[in-house]
Amino acid sequence: MSSNNAGAYISFMFDDGRSSIYDIVFPFFEDNKILGSIGLVGSYVGKKGYLTLDQLKELIKKGWSLGDHTFTHPNMNDISLEHLSKEIRLNRLYAEQKLGYKLYYFIFPKSRMKKYHLSFILRNYNYVFTGRSETVANSPPFRGLLTRTQITLYDVIRFSISGRCFLKELIRKISLAKNSNNRYWFIFFTHDVNKCPGLFDIFQGYFLKFVKLLIEMEIPILPVDSLLSGGV
């Protein structure tokens, strides 16, 4: 990305890899030439309600990116470093052997972590998404993102879009960012996109309306890895 590309940039992250990504989001994104990102949990692949291996392969082929969301999605408050190391190793192996994909950023399950977990993760990944800015770095450009290599292009924001969100407020913030002299990267994450959402899910109609508004505003919507690498 060149140094004068001010404005707003959007990424959508879908944690856990629910089947609604393929059934609802993927066709709509394809029609609008949008790519998304998935928090891969290797042990969930192929289970009821989750993406199959073939579906993941198709998404990767189309340009979607994957992040490490652990192999079994454990409660991070209860696991040792040895357990965490195993989670990372197994998920990386799964991605590389089953999908031919190398994971290079990490997403904490349920946005929970302990400081020693974070230190360990940063020895294994350049980029770590926590989702909880108050526990990470409270000043720009590292809201929601920690990295071993300095990122100065963005003020990073990652937060849930769910049934509790306020569409007008989100659009207002994005509009302000679009018209500013700085670059803002909004990372929206959710789990399921369906008709009966839970706390971290979102109604299908609400989600599609939100994305359509972003398209009308001509906001670039890009997969996480392209922005991390600066490849805009």
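The values are calculated or read from the model by the stated rules, or taken from the named source; none is laboratory data. Just so you know, these numbers come straight off a predicted model, no measurement behind them. Reconstructed Cβ throughout: ideal geometry from the backbone, glycine too, with neighbour counts over all protein chains shown.
Applying the criterion of at least 1 residues that are modelled with pLDDT of 80 or more to the strands (runs of 3 or more DSSP E) found wholly in the range 134-232 leaves 183-190.
When the range 109-133 is filtered for residues that are modelled with pLDDT under 80, outside any loop (DSSP other than H, G, I, E, B) and of a type in the set (S, T, N, Q), the ones remaining, listed by number, are Ser111, Ser133.
Table: residues versus (1) over 19 Å from Phe129 (Cα atoms); (2) touching a Ser or Thr at 6+ places or on another chain (Cβ under 9 Å); (3) surrounded by 14 or more Cβ atoms within 10 Å (Cβ to Cβ).
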{"position": "Ser19", "(1), (2), (3)": "yes, yes, yes"}
{"position": "Tyr22", "(1), (2), (3)": "yes, yes, yes"}
{"position": "Pro27", "(1), (2), (3)": "yes, no, no"}
{"position": "Lys33", "(1), (2), (3)": "yes, no, no"}
{"position": "Gly42", "(1), (2), (3)": "no, yes, yes"}
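Here are some residues: Phe120, Phe108. Which one is aromatic (Phe, Trp, Tyr), without any contact (Cβ under 8 Å) to a residue 60 or more places away in the chain and within 25 Å of Trp64 (Cβ to Cβ)? Every option except Phe108 fails the conditions.
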